[in-house]
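**Q** I'd like to ask some things about the structure below.
The values are calculated or read from the model by the stated rules, or taken from the named source; none is laboratory data. Nothing here was measured: the structure is a model prediction, and the numbers come from that model. Because the Cβ atoms are built from the backbone with ideal geometry, glycine has one as well, and the counts that use them run over all protein chains shown.
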């Protein structure tokens with residue numbers, strides 16, 4: 001029986017948890033969730049509800065301190081052979097990564113090395129990059145580890161970040177299920193990321209452009225892409241500040257003319 005630690009957040013994290021809990025060849029050493037400021041207020045209860053269906057006594061710990069992880073978290077890593085990170089919002093230190101023999105894989109919603117770091121879907125819209133998903137091993141860099149699997153996502157200018165995110169998380173889960181057994185049995189080919197054409201962004205980068213200026217000048221295509229990129233599935237969207245300083249929310253819907261043909 002393989003020993004796995006799960007680092008999870010969001011609906012994708014819950015789906016991964018449900019899948020792993022249901023497997024009889026896996027022992028979950030612990031479930032680590034985001035710090036309170038980085039997760040839904042109800043997330044701890046949602047995780048607990050999933051684990052109620054399991055006979056194992058699985059600890060749930062909160063990753064509050066990045067610089068000095070809880071000693072109980074370190075103990076869980078020491079007892080784990082493998083790990084899965086699904087939308088986990090913290091960078092892991094080497095002393096945690098190096099304790100897990102089989103490594104920790106990350107489910108990332110972009111075609112690495114495009115879209116390293118924060119908000120990869122939004123920036124791929126703005127920068128007109130291909131969209132997709134990657135499952136890769138976590139190493140000391142930021143989304144730089146070797147790749148287990150990648151898939152493209154077909155998109156168009158009528159799709160916003162939230163819609164692409166939903167497709168990406170579904171595809172990430174489906175792909176994890178496909179490769180899971182091969183991965184834990186060390187029977188999967190991995191390949192290095194390209195050293196060229198990478199992109200990377202921080203959380204602050206997108207927040208800096210979320211409020212548009214009334215007199216901002218852009219091509220029609222660039223303007224539409226920015227609006228689509230800033231429209232998220234959690235309700236966040238682009239805003240505009242007028243000359244008086246008042247903020248206005250912007251909503252947009254783009255559909256193909258072919259969809260309107262009788």
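**Q** Of everything in the stretch 210-235 that's without any contact (Cβ under 8 Å) to a residue 24 or more places away in the chain and in a loop (DSSP other than H, G, I, E, B), which residue is nearest to the chain's Cα centre (by Cα)?
**A** 235
**Q** Restricting to the stretch 142-187, count the residues that are outside any helix (DSSP H, G or I) and touching a strand residue (DSSP E or B) at 6+ places or on another chain (Cβ under 6 Å).
**A** The qualifying residues number 12.
**Q** Another one. Tell me the residue from 109, 120, 113 that is buried (at least 17 other Cβ atoms within 10 Å of the Cβ), more than 20 Å from residue 210 (Cβ to Cβ) and in contact (Cβ under 8 Å) with a residue 24 or more places away in the chain, please.
**A** When all the criteria are applied, what remains is 113.
**Q** Okay, next question. Does any residue in the stretch 35-46 that is in the same structural domain as residue 13 (by TED's automatic domain parsing) and surrounded by 10 or more Cβ atoms within 10 Å (Cβ to Cβ) come within less than 8 Å, Cβ to Cβ, of a residue that is part of a loop (DSSP other than H, G, I, E, B) and modelled with pLDDT under 95 six or more places away or on a different chain, and which pairs are these?
**A** Pairs that qualify, where the first residue is in the same structural domain as residue 13 (by TED's automatic domain parsing) and surrounded by 10 or more Cβ atoms within 10 Å (Cβ to Cβ) and the partner is part of a loop (DSSP other than H, G, I, E, B) and modelled with pLDDT under 95, are 35/64; 35/89; 35/90; 36/64; 38/89; 38/90; 39/89; 46/40.
**Q** Any idea which residue in the stretch 237-262 is farthest from residue 155 (Cα to Cα), counting only those that are modelled with pLDDT of 90 or more and in contact with a helix residue (DSSP H, G or I) (Cβ under 9 Å, 6 or more places away or on another chain)?
**A** Top of the filtered list is 250.
**Q** Now a separate question. Within 26 Å of residue 5 (Cβ to Cβ) and surrounded by fewer than 21 Cβ atoms within 10 Å (Cβ to Cβ): does that describe residue 101?
**A** Yes; evaluated as a whole, the condition is true for this residue.
**Q** On to the next question. If residue 89 satisfies every condition in (1) surrounded by 17 or more Cβ atoms within 10 Å (Cβ to Cβ); (2) farther than 22 Å from residue 186 by Cβ; (3) at pLDDT 95 or above but one, which is the exception?
**A** Failed condition: (3).
**Q** Report the residue count in the stretch 93-136 for those that are in contact with a strand residue (DSSP E or B) (Cβ under 7 Å, 6 or more places away or on another chain) and in a loop (DSSP other than H, G, I, E, B).
**A** Total satisfying the criteria: 10.
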